[in-house]
Each structure stands twice: as structure tokens, then as C-alpha cells.
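Taken together, the values in this text are just the output of simple stated rules run on the coordinates, not laboratory data. Keep in mind it's a predicted model, so treat the numbers as computed, not measured. Glycine also receives a Cβ, built like all others from the backbone with ideal geometry; neighbour counts cover every protein chain displayed.
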Amino acid sequence: MSSASSKVAQETLPGVHAPTLCAAFQATAAAFPDLIALRTPHDGMQLTWAQYAERVERVAAGLSALGVAHGDTVGLMLRNRPEFHLCDTAAMHLGAVGFSIYNTSSPAQIEYFLQDAATRVLITERAFLPTLADALPNCPSIEHLVVVDGGAEDRQGALSLGGLESAGEDSFDFVGAWSAVEPEDLLVLVYTSGTSGPPKGVELTHENLMWEIRALHELIPAVVAGERIASYLPMAHAAERCFSHYHAIPRAVTVTCVDEPQSIVSALGDVRPSWFLGMPRVWEKLRTAVTLGADEPTRRALDAAGARAALEIRGEPLPADVVTAAETAERDVLMPLRRAIGLDCVKVALVGGAPTMPEVIEFFAAFGTPLTEVWGMTELSAIVTVNLPESMRLGTVGQAFPGAEVRIAEDGEILVRGPVVMHGYRNRPDATAETIDPDGWLHTGDVGDLDQDGYLRIVDRKKELIINSGGKNMSPANIEAQVKLASALVAHVVAVGDRRPYNVALVVVDPATAGGRTAEDPGLREEIRDAVRHANRALSRIEQIKRLTILVEDWKPSGPQITPTMKLRRKWIAERYEELIDELYASSPPAHCVEVG
């Protein structure tokens with residue numbers, strides 16, 4: 001970024017260089033009082049930055065009257081709605097620590113989170129009261145329950161949001177409260193997915209997030225306020241919370257709250273986002289929506305644009321006829337198609353959270369929505385590397401933010417050091433010491449390598465590599481991604497082969513996509529077999545899947561099979577489906593086993 005554009009960005013967005021999120025919020029609200037800060041689709045509700053700031057002050061006064069003070073924990077169990085932003089921002093202005101509970105959590109999981117966090121106040125909505133009724137009796141630290149949409153007045157001590165806003169005292173010193181918050185104070189508690197034991201509470205500070213915000217702003221500057229984003233993934237997910245809540249504050253972004261993740265595709269036309277964050281699965285579904293049933297002109301346009309994109313990604317010369325064909329495709333087909341979907345205004349399209357297939361990156365480069373792949377983890381304030389479209393190296397997750405260090409340990413593990421490294425795990429000094437060594441390097445658990453220019457390639461999770469009986473190391477994530485890419489029928493796939501002679505797979509078909517067909521349906525079995533054969537062509541011989549079994553089940557986030565962040569619970573799956581897996585290796589396999597050939 002040039003010094004001139006950097007100067008414009010700094011002057012236009014004063015919150016970016018504030019020391020804390022509280023100071024950033026106040027700077028943004030003062031600079032852009034009349035811009036829309038929060039809204040719901042079709043303007044069902046909207047708040048300007050001035051209105052947002054006024055209500056934050058009232059909510060903060062109400063929380064203070066309930067006894068919430070610096071360092072206390074405030075829990076939130078809410079869908080993506082403006083009230084989340086009001087309440088969490090108010091808590092941070094008191095120096096309190098907010099954290100979110102996944103809305104799909106069981107009562108036992110909720111008890112664990114609330115007890116581990118020592119939560120004093122829980123803010124929720126009516127839809128979750130039945131689940132909470134089973135959890136709260138075992139959570140003595142909870143002193144107050146706030147229900148943002150009312151309906152719990154019969155519960156002793158429960159408040160509506162309006163009641164909370166009216167509870168503040170005239171003597172409350174709001175400016176004194178937020179001015180006392182320091183960069184090293186805790187901002188948020190984010191619980192990990194729990195793929196290897198009970199979830200751990202990651203403690204992140206104001207300094208962690210403000211440093212990350214400035215680093216990303218330096219790499220991808222916004223020189224105007226009022227850019228638009230959609231908030232639709234769970235706020236208990238570090239990437240969503242950081243992107244659509246914390247990053248939105250100093251960048252003066254208009255946030256549209258989409259209450260359910262599955263509604264995002266239909267909401268894009270209303271949001272028309274300037275920035276859009278999606279997990280790989282979201283982009284895969286968008287790709288399927290574009291290509292499934294595409295007419296001949298659309299297919300030709302995608303082919304023409306794809307030819308140019310492939311050359312650009314490889315840094316090769318562009319023949320004039322290729323450029324002309326791609327420009328025609330863009331003007332006549334792709335721009336109108338992006339406008340119809342709601343992606344025509346996207347300036348920055350982010351993808352992360354799991355490995356992204358190069359074919360998906362290449363497709364959206366051709367489509368006119370080039371993806372910026374990022375990598376990180378909750379313990380690293382969500383993001384620490386970025387693969388910018390203009391300097392992309394396909395197959396990598398880019399380079400580390402300036403000021404952050406990345407290196408590869410002798411066993412291949414990725415280590416990171418710098419201002420994005422978490423404060424620690426709540427109540428787990430032992431786990432903190434295991435993860436952050438005495439020299440400040442955070443051991444990520446991911447395996448990767450760095451090229452000579454510092455571009456990072458992720459191989460797999462350190463503990464999830466398949467090592468077959470011949471000693472060959474393989475990435476199950478890479479194998480699984482190829483299968484998912486091969487067919488829209490495949491919702492999930494689990495590659496198995498550790499200490500085995502060859503790889504097999506459990507293929508989970510989305511019941512909605514299967515259209516009522518069972519695993520015994522010959523047509524469904526043949527379609528899945530063909531998809532895996534296609535995927536095998538992109539894999540080395542040793543990686544290829546030899547047999548599979550089909551499961552028509554609904555694996556939901558926070559279920560036993562996958563975490564809320566869509567990571568496979570491999571240990572649980574291996575135990576639950578042990579008999580099926582063993583049968584895939586039998587010399588005379590039963591009927592459910594599909595030979596791929």
C-alpha cells in the first residue's frame with residue numbers, strides 16, 4: 001500500500017489506530033454518527049453509529065448496575081442479531097470479558113462453558129430458554145439472566161433488554177469505565193471446538209485484536225467508511241466474531257445480521273457485501289449453485305474467464321484472443337450473474353477455516369470474485385497469514401502478517417510468534433505452557449512448510465495424518481477435499497487408512513440432496529462411486545480410496561461427528577463406526593461396501 005493511500009485510510013478511519021476496541025468504537029461513532037452501523041435484511045431494524053453508541057452506553061450502565069465490573073465474564077447465547085453487538089460492545093466498555101455459546105450446544109455443554117468461564121450474567125433470547133432451563137440450575141455463578149426479546153419475566157431475576165437499559169444509575173461514569181480499559185486487558189473468551197478433549201477457553205486481549213486489525217488494514221486497506229458485510233456464522237466462532245464484530249468497529253462497516261447461516265445465500269442480494277467471509281464449504285456451495293444446471297452460454301463464459309484466470313495465477317503472458325474472450329464473458333454473462341446472486345459489489349472475498357481446494361480458488365478467480373485465502377486459529381486471534389489475489393501462490397495460505405513470525409519445527413509443525421498469540425487458556429496453565437514455549441512460539445498442531453519467500457503451505461493437523469502400514473504419510477483433509485469437490489451429493493467424507501494397507505472412506509450424503517434415496521439405492525451408489533473415482537484421479541496411487549460405505553445421515557454442527565466449526569471429530573467417528581470400517585477391510589466385504597475400482 002502506498003504511503004498516500006495509507007495516509008488517507010488513517011485519516012478516514014480514526015478507530016483503526018486506537019489502543020483498545022472501546023476507544024476504536026468511540027472514535028468511529030464520533031466520526032460517522034449518521035452512517036448505518038447495524039441492520040437486518042430489508043431494513044427490518046437498523047441503527048446508525050450514533051444510535052449504536054447511545055444504546056451501548058445505556059446497556060453498559062445497566063450491566064454495571066447488575067454488578068458487572070472490570071474482568072467479569074458476560075455470556076451470550078444469541079443468534080446473529082443487532083442485540084449481540086449492543087450487549088457485547090457494552091460489556092467491553094466495562095472492561096468485562098464477553099464470550100458466546102454455540103446455539104446448538106447441549107445443556108451439559110452449556111453447563112461446562114458457564115462454569116469454566118465463571119459467568120455472572122447470561123444474555124440470551126426466548127428460543128434458547130428451554131435448553132437453558134436444564135443447564136442453569138447447575139451454574140451457581142449466574143446471577144442475572146437477560147432475555148433480549150422478552151418472554152422470561154416470570155423467571156425470577158430475568159430482565160428484558162429494555163429493562164436492562166432502564167436499570168442504569170445516573171451516577172454511572174461511562175467515560176471513566178471505558179477509558180480505564182487497557183490494551184493488555186482481556187477482551188473475549190473463545191472456546192475451541194474440542195476435537196481432542198474438553199473445549200479450552202482461549203483468552204484474547206484488546207491488544208491482540210487491535211494489532212490484527214491494523215495488520216490486515218495495512219495489507220487490505222479500506223479508504224471509505226460504510227462498506228458492507230454480512231454476519232451469519234456463529235459468534236462463538238473466532239473468525240466470525242473477529243471479522244463481523246471486532247474488525248467492523250474501527251473500519252466503520254455496516255453489518256447486516258443474518259440470523260441463520262443457511263439463509264446467507266438468499267440474503268446476499270439484500271446485503272450486497274463489500275467484504276464477504278466464508279468457510280470453504282460456503283464457497284463450494286456457491287460454486288455448485290452457479291454451475292449446477294448452468295446453460296451453455298454460462299458454461300462457455302466460465303471456460304473463457306477460466307482460461308485467462310489460469311494464466312494470470314501462473315504468471316504467464318495473456319494472448320489477445322484470451323483477453324478478448326474473457327472480457328466478453330465478463331460483460332455479457334458473469335457480471336449480470338454476480339449481480340443476480342448479490343456478489344457484484346465484493347471487493348474482498350475471504351476464505352479460511354479449513355483447506356480450500358485449488359479448483360475452488362481458480363473457479364472464483366474466473367467468476368470475478370477472487371478469493372483471499374487466510375489461515376490462523378483461535379489461539380492466534382483468528383488470522384495470521386493472507387494469500388492476496390494479486391500475489392497469490394496457489395496451494396499456499398500466503399505470507400504472515402508483517403510483525404508476526406512463522407517457522408517450521410523439525411517435525412514439521414508450524415510455530416507462530418507475535419502480537420496475535422493468545423494470552424492463554426482459561427484455568428489451564430498446564431495447557432498454556434504446552435502450547436506456548438518459553439521463547440513465545442505457539443505450537444499450532446498444524447503441519448506445513450514454507451517456501452523461500454515465506455509462503456506457507458498447510459499439510460494437515462499434526463495428530464490427524466494418515467500413516468499407512470507401509471509408513472506413507474498422507475493428509476486425510478486433502479483426500480476428503482477432492483471427494484467433496486467431485487460431487488454436490490457429498491456433504492462429508494472421512495478418509496481412513498492409519499496403520500492399514502490402503503485407504504477407505506465413509507461418505508456422508510446430505511439427506512436433502514439425496515432426495516429421499518437410501519444407501520441401498522443403486523443410482524446413488526453409482527453416483528458416489530463415480531465421484532470417488534474422479535477424485536482418485538487427482539490423488540497419488542497410495543492416497544486413493546479403494547472402498548467406501550455410504551451414510552445417509554444428517555451430521556449437524558455441534559453433533560457427535562463434527563464440531564460447531566465443521567471439523568471432523570475423528571476419534572469419535574473411528575469408535576462409533578469401527579465395525580463398518582473393519583468391514584471395509586474384510587477379504588469378503590458385506591453388501592454395504594462399495595468397491596471403487
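Just how far, in whole angstrom, is region 482-536 from region 330-347 if you go by their alpha carbon centroids?
With region 330-347 and region 482-536 each reduced to a Cα centre, they are spaced 32 Å.
Taking trypsin sites (Lys or Arg not before Pro) as candidate sites, keep only those in a DSSP loop with at most 15 other Cβ atoms within 10 Å, then name the longest stretch of the chain containing none of them.
156-346
Once both axes come from the Cα atoms, what is the angle between helix 206-219 and the longest principal axis of the chain, in degrees from 0 to 90, rounded to 10?
60
For the charge dipole of the chain, defined by +1 on Lys and Arg C-beta atoms and -1 on Asp and Glu C-beta atoms about the Cα centroid, which residue among 75, 105, 490 has the Cα displaced farthest towards the positive pole?
The Cα lying farthest towards the positive end belongs to 490.
Please state the shape class of region 466-595: rounded when a/c is under 1.5, otherwise prolate if a/b exceeds b/c and oblate if not, all from the C-alpha gyration tensor.
Rounded, since a/c falls under 1.5.
Just how large is the dipole of region 3-278 about the Cα centre, in debye to the nearest 20, putting +1 at every Lys and Arg Cβ and -1 at every Asp and Glu Cβ? Intermediate results must be reported in sequence, preceding the final value.
Working: 15 positive and 32 negative charges, 136 e Å.
For region 3-278, the charge dipole is close to 660 debye.
Along the charge dipole of the chain, which of 333, 385, 188 sits closest to the positive end, that is, farthest toward it, with unit charges on the beta carbon of Lys, Arg, Asp and Glu (+1, +1, -1, -1)?
Towards the positive end, the residue furthest out is 333.
Is there a quick way to get the dipole size of the chain? I mean about its Cα centre, with the Cβ of Lys and Arg at +1 and of Asp and Glu at -1; what is the value in debye to the nearest 20?
Around 1160 debye, computed over the chain.
In debye, nearest 20: dipole of region 466-595 around its Cα centre with unit charges on the Cβ of K, R (+) and D, E (-)?
Result for region 466-595 is approximately 540 debye, rounded to the nearest 20.
For helix 296-314, what angle does its Cα long axis make with the longest principal axis of the chain, in degrees from 0 to 90 and rounded to 10?
In the chain, helix 296-314 runs at an angle near 80 degrees to the longest axis.
With unit charges on the beta carbon (Lys/Arg positive, Asp/Glu negative), name the residue among 468, 502, 568 whose Cα is farthest towards the positive pole of the charge dipole of region 466-595.
Value computed over the given set: 468.
Find the Rg to Rh ratio for region 3-278, where Rh is the Kirkwood radius over alpha-carbon pairs and Rg uses the same atoms.
0.95
³J(HN,Hα) across region 354-361 via Karplus (A = 6.51, B = -1.76, C = 1.60, θ = phi - 60°), whole Hz, x for Gly/Pro?
6, x, 10, 5, x, 4, 6, 4
According to a simple spin-label model (label point 7 Å from Cα along Cα-to-Cβ), what is the distance in nm between residue 45 and residue 572?
Result for the modelled spin labels: 3.1 nm.
Quick check on my link table: of 347/556; 200/347; 546/567, which ones sit more than 26 Å apart, alpha carbon to alpha carbon? Mind showing how you got there, number by number?
On the way: 347/556 31 Å; 200/347 35 Å; 546/567 24 Å.
Over 26 Å apart, Cα to Cα: 347/556; 200/347.
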